[in-house]
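Just so you know, all these numbers are worked out from the coordinates, no wet-lab data involved. Not measured: the values here are computed from a predicted model. Neighbour counts are summed over all protein chains in view; Cβ atoms, including those assigned to glycine, are modelled from backbone coordinates with ideal geometry.
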C-alpha cells in the first residue's frame, strides 16, 4: 500500500499538486556524491542561483571537507546518516552516484531521513532492475522521484534550480521568467527550448527534464496535473520522444505545444541516445504524433509554411518551430508573448573561414557579432596567445602520457614510445615540450641550443655533482645536485626575452618562423633593445651564431636579434639566443593554441636543465673551458647532435651510425611508463607542492630534482639486473664482439644449461620453503602471458627494428633461446615472453661490452652507465610531466587525503 | 541484447527449473535427432537467428518432421535462411531441433516493465500460440505487481481467474510461472516472453507447462546479465565493427551511443544530446553515415577516443564533418572540442590530409574557448568551416550542413583538395 498523495491519483502516490511546488524556495537539498565530476561543477552554480538551498552533500571518505561556493560553503559528510545525525535537515536528495550505487543510495537516504519528499536522480544508465525497486520504495514512503537520467527541475520565478544543470553554467541567461511550463524528455533540449522560446518573447515558469529511461518516475501525467494547478503557467511545451505510453491518456485544460521527434527511430533495433526511446509499433513517433493531434483537434503538423494549430495546441516535429507555434496557439486565445523577443533563430555565423576557396554565397554567410557576453569573449580570443588549460586535480593523471593497459605501450603526447624510439634524443626532448616533433631546421637549431650549455667546466653544479659521486651517491643523486644550481635567476633573462618575442610577434602574422623573408622591420622598430641586449663580453654568442650558420639553420627570431644587435646598444648573450631558438621551436604550436604561454616561457629553463644534466654526467676531469670530453665546444655546437653529445658524456666517444641508432632507440623506449610511474610521481609532486595555480613560481629545475630523487636501483627500466644476469652468463665466454653473429657460441646450449641449473636451484629453494627465490630478470610479463608462445609486442617491435637494419645482438638472441629453454626444461609451462626491460639491458650491454671486456670499465661503472642512460631517457618523459602538471594541475593536488591513508603497526 | 529461440532459452529456463521442450542444436548427430523423434514423435526444425527476431512462423521458417530424412531436408532449407523483419534482414546461423510437446492448450506469458503501470507486469492468456495482438481484450490480461515482493502465485491465480481459464490450468501455472520472476529480475532482463507454453499432460494426467519458445531482452546497463555467462557474440549480428569499438568505451560518464545509418553516407555528425540526436538524424536522413549521441559531458580522453574511432571508420568518405548540439547544460565545450580537434589533427598526421568541410552548431559552458580551439586547428589544417551560435535554429544549421555536402559532391571536394594541395 502507498500513502495517499494527490487525490487525482488514487492508484499510486504523487505528492506534487502544482508546478509551484516542484522547485521551491523552501526546498532544502542534500547532494549524494557531491564531489563527483559532474556535481563538482553543477552544484555550486545551483546553490548560488537558488540562494543557497543545498544544506549538505555526501562523498565517502570526505567527511569534514567543504564544497566552496560564493553563496557559502557546503559541508560534506561520508554518508546521509552522518549528515542527519549532525542535525542537517533536508527534504530533497539529489543523486549523482554512479549507476551501481544509485539504488542503495536512494534506499539509505529514505531509511535515515523520514522527512524526504523528493529525490532527483541525475545518473544515467541506472539498470532497469534498480529503477523498479526505486519506484516501489518511493511509492511506499510517499516520495516523488524525478529521473533517472534527468537534468532536474528549475523554477524561473522562484529562482530555484534543483538537481542538474538546467540553464547551464549561467541559468539566468536561459531561464527567463514567463508563462510557459516545459516538460522535456531531453535534458539538453529543456534549456534549448527555453532559449528558443525567448526568441518568440516567451519566458518560462518551470522547466522539467523528465529523463527518458524505461522508468520515468515523475512522468507526463503527474506533470500535466500539476501544470493545470499552476496559475503562473498559462501554456506548456512538451518535448516527447518515442517509446512508452506515458503520454497516451493525457488530457489538457490549457494549451500545449508538443514537439514529437524520432520518426527515424522506427528503423532502430537498439537504443541510441536515451535508453527508453526505443519503441514498438504502438508507441513510436508516428503514433505519438497522432495521440497529440487528436488531443488538439488538428490534422497536420505545424510548420511555418503550414501553421496548423488550434486553441488547444499544436504539434511540431522541429524544436525551432516551437516559438512560432506557441505564439500562433496563444494568439487564437488572444494572449500575447510575455516580453519582447530576445534575439531570433536565424542562422548566425560566429566563426568562418573559407580558406581562400571561392564558396557559393549560400555557403559564405557573413560573420555576425555574437550575442552578449559571447561577443566580448570572441574579441578576447584575438588577444589570447596560446592555450589556457583548465585546471584540475592531476594526481595520478596526465595530459602528457598515457599507458594503454592492453598493450602496455605508453604514449607521450599521442606518440607511442615505440614510435618515439625511432626519433633522435633531441627530437624527443623538443616533442616533450611542444607536443610535436620539430622539422629538420628545428632539430638543427635545437642541437645548437642544447650543445651550447652542455659544457659544465668551472660550474659549481659540476663540482657538487662530482662531490656527490665521490661520496658514493648514485648517479641520480649526483645529477640532482647539479640541477639544483639551475635556478630561476639563471634563466630569468631568457624567460623575459621569450615573453618579449611573443609579445612583439604575436600579431605580426608570422606563421612559419623559418621563413627568413619575413619582414620584421615593425618589430625591430618597436623592440626595447635593453630587454634583448646586454654588456656581454664572451665569445660564446659568436660561436653560437656561427654554429647556426654552419648548420644552415634558419630562424626569423635569430635574424631579428642579429638585426637588433646591429642597431647597437649591446650584445646578444647565449641565453638570449637560446630563448630565440626555443621560441622558434614552439611558435607554430603556440599560434595554433596547442601550447600555453607558460610552456613557451619555461622552455629555455627546460633546455638549460637538459644541457646541465647531460653535461654533469661527465666528471670535471673530462671537461675544460673550451672542450667537453675532448671535443671542442664549437665543434659540438656546429656539428654534433645532442644524441651524440649524450653518448659522448656517457661513454667518452662519438658513436658510429649503428651505435647512435641503438642509443636513440634505447632512450626512446624508456621515455615514460605513464603518470603512475614513480619517476613521474616525483616530478609531479614537486610541481604540485610549488602551486601550479601560480605557474610563475614553479621551479622547473626542482621538478627534475623530484624526478631524479624518485629513481633508484630498483628501477627495472635501468636494466641493471638483466645486465648483471647476462654478465654472469657471458663473462667468461670470450665474446669479443656482441654485434657479430659469427661468435662461435652455441647459445641454445648455453640457455639449456642455465635453464637446468635454474630448475635445480628453484626446486631446492622450494623444498626448503624459500618462496622468494631469485627470479630470472626480464622474462615473462603479467599481461603478455597465458599463450603457448608469448610475446611482449614492445620487444617484438624493437627486435624487428634492429633486424630490418641487419643489426645483430648476441645478448638479445640469448634471451630468445633462454625462454625456449625454460619451457623445454619444464621451468615454465609455456614459452615466456622476453619483456621490454630485457631490450633495454641488451642494447646497453652491447654498447658497453667492449670497454668492459677490455677491462676499461668496472662492474660499478657499468651500473652507473646503465643507470645514467635510464635517467637520460626518462628525463624526456619527466619534462613532459613537469610542463603538463604546471599547466593543468592545482596546488597540492598530488596529496592523498588522510582518510585514504592507513596506519600499519 | 535480445535472445530468441530455445537454443539459449533452454539453458536460461533450466536455471530456474522451468519445464521446457527437448532441444538439440545444429551440431546434433543423426542418432540424437532420431532419438528425439522417437521420444517425441515429431520435431520442429527452427532457424537460429542472433538477437531478437520475430514472426518466423508466419514467414514459413518453421519446419516439422516425423523422420530423420524429413528433419535433414528441413535443416538444409533453414540452415542459412534469410528473414526480413522490423526493417532488418537477418540471416540464420544453423537450426535447432525441438521435440514436439503434445498439449491440450497453449498459454502465452510475458513479463515486462510496463510504462502505463510503471511496474513489472505480466501478460497472460490461455489462448496462446498465436499473435496476441490478434486476441480480443477479454481473452488476455495484463497485471502489474510489486517488485519488492516479486511475482507471486496469487497474481497468476487472479489473472487466470479473471480470464476464466479452466481450473486444471491454474495450479500448474501458479506453481511454475513465478519461477520466471527470478530469471527476469535477477539476470537483468527487461522483457521475457514464452509463447507457447504447451500444457502437456503427465503420466498421472496432470498438466505440466512446457515452454516451447523463448524470447527475452536484456538491459545493457545491468551488470547482472554477465552472471549468465552468455557467449559474447550472442547478439552481435546487428553491431558493426564500428559500433562495437565505440561500445567498448561505454562508461557511465558521457554517452557513447552510435548507430550506423548509411555506410555510403557523406555527412558524419558528432551529435551531442539525445534530443539533438533525434532531430539531426531525422533531418539528415541517408546523407548521414552515423547517428550518435556523445552528450553527458564526456571527459577529454573519452571524447578523443570516440573521435579517433569515428574518424577512422568514416572520415575518408565524409564530405562534411558536422559537430552539432544544443546549448549544453553541463558538457564542457572546450574539453570536447579540444578532443575532437586534437583527434582530427592526429588523424591527418597518421592518415594524411583529406578534403573536408566542417560545420559546427553548439552552445554551452566554455563555448568560445572551444570554438576558438577548433578554429585554430581547422585553420592549421586548412579546412573550410563555419561555426554557428546556439541562437541559430538547429534545423537551419542542419540545412546548412546539407548544402555544404551538396556543394562538396558537385565538385567542391576537388576544389578543397586542390586548395589543400592533395590529389585524391
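Some values worked out for this structure:
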{"read-out": "Rg followed by Dmax, in Å, when region A:57-186 is reduced to its Cα trace", "value": "15.4, 44"}
{"read-out": "Stretchable slack from residue A:563 to residue A:381, in nm (0.36 nm times residue separation minus alpha-carbon distance)", "value": "62.4 nm"}
{"read-out": "On Cα atoms only, tilt of B:6-16 relative to the major axis of chain B in degrees", "value": "70 degrees"}
{"read-out": "Relative contact order (%) - criterion: Cα under 8 Å, at least six apart; region: region B:1-108", "value": "34 percent"}
{"read-out": "Viscosity 1.567 mPa s, 4 °C: Kirkwood-radius Stokes-Einstein D of region A:120-209 over Cα pairs, µm²/s", "value": "95 µm²/s"}
{"read-out": "Nearest 10 degrees, 0 to 90: helix A:642-651 Cα axis against chain A principal axis", "value": "50 degrees"}
{"read-out": "Ranking of B:302, B:418 by count of other Cβ atoms within 10 Å, fewest first", "value": "B:418, B:302"}
{"read-out": "Peptide ranges A:730-737, A:75-82, B:360-367 listed from the most packed, as the mean C-beta count within 10 angstrom indicates", "value": "B:360-367, A:75-82, A:730-737"}
{"read-out": "At 1.002 mPa s and 20 °C, Stokes diffusion of region B:124-239 via Kirkwood alpha-carbon radius, µm² per second", "value": "135 µm²/s"}
{"read-out": "Sorted by Cβ neighbour density within 10 Å, fewest at the top, the residues A:549, A:124, B:243", "value": "A:549, B:243, A:124"}
{"read-out": "Principal axis dimensions, region B:2-228 - Cα atoms, whole angstrom, descending", "value": "49, 44, 35"}
{"read-out": "Directionally averaged shadow of region A:495-554, computed from the convex hull of its alpha-carbon atoms, nm²", "value": "5.0 nm²"}
{"read-out": "Calculated [θ] (222 nm, deg cm²/dmol) that DSSP helices of n ≥ 4 give over chain A, each run adding -39,500 (n - 2.57)", "value": "-13500 deg cm²/dmol"}
{"read-out": "Radius of gyration, Dmax [region A:1-111; alpha carbons; angstrom]", "value": "15.1, 44"}
{"read-out": "Relative contact order of chain B, pairs being alpha-carbon contacts under 8 Å that are 6 or more residues apart, as %", "value": "12 percent"}
{"read-out": "Gyration tensor (Cα) of region B:1-100, equivalent ellipsoid semi-axes in angstrom", "value": "21, 18, 10"}
{"read-out": "Average partner coverage of A:318-330, which counts Cβ from other chains inside 10 Å", "value": "2"}
{"read-out": "For region A:338-491, the fraction of alpha-carbon pairs in successive 5 Å shells from zero, as %", "value": "2, 6, 8, 9, 10, 13, 12, 11, 8, 6, 4, 4, 3, 2, 1, 1, 0"}
{"read-out": "Residue A:71-residue A:364 pseudo-label distance in nm [points 7 Å out on the Cα-to-Cβ vector]", "value": "5.0 nm"}
{"read-out": "222 nm mean residue ellipticity, helices alone, for chain B (DSSP H n ≥ 4; -39,500 (n - 2.57); rounded to 500)", "value": "-11000 deg cm²/dmol"}
{"read-out": "Calculated diffusion of region A:762-905, Stokes-Einstein form, Kirkwood radius summed over Cα pairs, 25 °C and 0.890 mPa s, µm²/s", "value": "129 µm²/s"}
{"read-out": "Shielding of A:39-50 by partner chains, average beta-carbon count, 10 Å", "value": "1"}
{"read-out": "Kirkwood Rh in Å, taken over region A:439-654 so that all alpha-carbon pairs contribute", "value": "17.7 Å"}
{"read-out": "Length-normalised contact order of chain A in % [C-alpha pairs under 8 Å, at least 6 apart]", "value": "10 percent"}
{"read-out": "Listed residues B:193, B:93, B:168, most fluctuating in chain B (Gaussian network, C-alpha, under 10 Å)", "value": "B:168"}
{"read-out": "Overall form of region A:273-427 per C-alpha gyration tensor (a/c, 1.5; a/b vs b/c)", "value": "prolate"}
{"read-out": "Distant alpha-carbon pairs in region B:335-406 (separation over 14 angstrom), percent", "value": "61 percent"}
{"read-out": "Average other protein chain Cβ within 10 Å of Cβ, residues B:374-381", "value": "5"}
{"read-out": "Crossing angle, helix A:720-730 versus chain A [Cα axis fit, 0-90 degrees, rounded to tens]", "value": "40 degrees"}
{"read-out": "Distance histogram in 10 Å bins (all Cα pairs of region B:121-190, percent per bin)", "value": "19, 51, 28, 2"}
{"read-out": "Distant alpha-carbon pairs in the protein assembly as shown (separation over 45 angstrom), percent", "value": "51 percent"}
{"read-out": "Residue order, fewest to most beta carbons within 10 Å, for B:113, A:26, A:753", "value": "A:26, A:753, B:113"}
{"read-out": "Rh (Kirkwood; distinct C-alpha pairs) - region B:241-420, Å", "value": "15.8 Å"}
{"read-out": "Equivalent ellipsoid dimensions for chain B as semi-axes, Å, which come from the Cα gyration tensor, largest first", "value": "52, 25, 17"}
